[in-house]
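Okay, structure first, notes after.
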Amino acid sequence: MTAWCRLLLLVAVGLLAPARAERSFTLFIEAAGIDESSPDWFGADKTWMKVRTVNKTMNVVEWDLDLLKELSSAVQSKWVMMEKADGGYRPSSIKGSATVCDDLHSKRPAIKALGYSRSSLPKSCPIKEGLYSLRNHIPNENYFPVIIPGDQWRLSNTWSAEGKTVLKFHLDIKIDRTRKLQG
């Protein structure tokens, strides 16, 4: 086999192997919650986020957002993935920002994990006042890379308008490595 053929074979294997690899983990949502909400934007009694246990191997995320004023493309969204270490969470390099409206259509894995597309939120902005919900959401591990380091992560998302936080929430995710990597 010539050197060029060996090189082409190595490149082909290198490109195709990751596409065939099976994830070596499942995601398990351990906790979720709203850390902060502005009373000017969200009704405190009807705005919540929680994890509901379905069985010992499955939790689902559920939330209600009682939006008190129209949410326009001026509302910003900043998110960061934080790895659990030494009893706390430290920010990673996996982060981003956009408008909340852009996040509704985002293809970024961490944002798709939030389940906006499955919620009752409208698919375009502005978002009118009203009560919006998500029920029985399980983040799909297919939105994530085949290999993820660490065992516990927090996805933290902050919405802000005119430099002030209007909503801040989080999802705590456990990486369950009971499945073997196949490829």
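The values are calculated or read from the model by the stated rules, or taken from the named source; none is laboratory data. Note that the structure is predicted; figures quoted are calculated from it, not measured. Quick reminder, even Gly has a Cβ in these numbers, built from the backbone with ideal geometry, and neighbours come from all protein chains shown. Calculation scope for accessible area: heavy atoms of the full protein, side chains included, ligands and nucleic acids excluded. Shrake-Rupley method; radii C 1.70, N 1.55, O 1.52, S 1.80 Å.
Couple of notes before you dig in:
- Residue count for segment 65-93, restricted to those that are part of a loop (DSSP other than H, G, I, E, B) and among the hydrophobic types (A, V, I, L, M, F, W, C): 3
- For segment 94-123, residues that are touching a residue at least 24 places away in the same chain (Cβ under 8 Å), under 18 Å from Lys174 (Cβ atoms) and not in a helix (DSSP H, G or I) total 3.
- The set of residues in segment 124-157 that are buried (at least 19 other Cβ atoms within 10 Å of the Cβ) and without any contact (Cβ under 8 Å) to a residue 40 or more places away in the chain is empty.
- Of the residues Asp86, Asp103, the single one that is under 25 Å from Ala44 (Cα atoms) and out of contact with any Lys or Arg (no Cβ under 8 Å at 6 or more places or on another chain) is Asp103.
- Cβ pairs under 9 Å, 6+ apart, first in segment 26-44 and closer than 20 Å to Ile148 by Cα and aromatic (Phe, Trp, Tyr), second at pLDDT below 95 and open to solvent by 30 Å² or more (accessible area, probe 1.4 Å): Phe28/Thr57; Phe28/Met58; Phe28/Lys174; Phe28/Asp176
- Filter result for Ser37 (surrounded by 13 or more Cβ atoms within 10 Å (Cβ to Cβ) and either within 17 Å of the chain's Cα centre (by Cα) or modelled with pLDDT of 85 or more (or both)): yes
- Considering residues of segment 145-183 that are among the charged types (D, E, K, R) and assigned to a loop (DSSP other than H, G, I, E, B) only, the residue modelled with the highest pLDDT: Glu162
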